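The values are calculated or read from the model by the stated rules, or taken from the named source; none is laboratory data. Predicted, not measured: the structure shown is a model, and the values here were computed from it. Cβ atoms come from the backbone with ideal geometry, glycine included; neighbour counts cover every protein chain shown. Note: accessible area is taken over every heavy atom of the protein model, side chains too, but ligands, DNA and RNA are not part of it. Shrake-Rupley method; radii C 1.70, N 1.55, O 1.52, S 1.80 Å.
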Amino acid sequence: GGSRQQHRDRDRDPGSRTQEQGSGSARPQPPEASLLRFLVCPLSKKPLRYEEATNELINEELGIAYPIIDGIPNMVPEAARMTHKKPPAEDSEQP
């Protein structure tokens, strides 16, 4: 198969984030519930499960999780993280 060279990095401007007044907690913003019904994994075309604890869209079959940033799912395969369990030595999370 041919490798697709479509890496377009969107410029992330750190100064463009607006502060929301009135929201005391910086809780992760979940995506629209109506939107979730239509979202499928771009790789497997299967429905995704929303995980509230990590604020991600999970593909159980492939073992990947797409992050949700400011209520918008980042469905780029490169942005997804593997959810398959790794050995503790490799996956040690420090607080």
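Structural remarks
- Cβ pairs under 7 Å, 6+ apart, first in region 54-73 and polar (S, T, N, Q), second open to solvent by 70 Å² or more (accessible area, probe 1.4 Å): Asn55/Pro28; Asn59/Lys46
- Note on region 54-86: among residues that are of a type in the set (Val, Ile, Thr) and part of a strand (DSSP E or B), the one that is nearest to the chain's Cα centre (by Cα) is Ile68.
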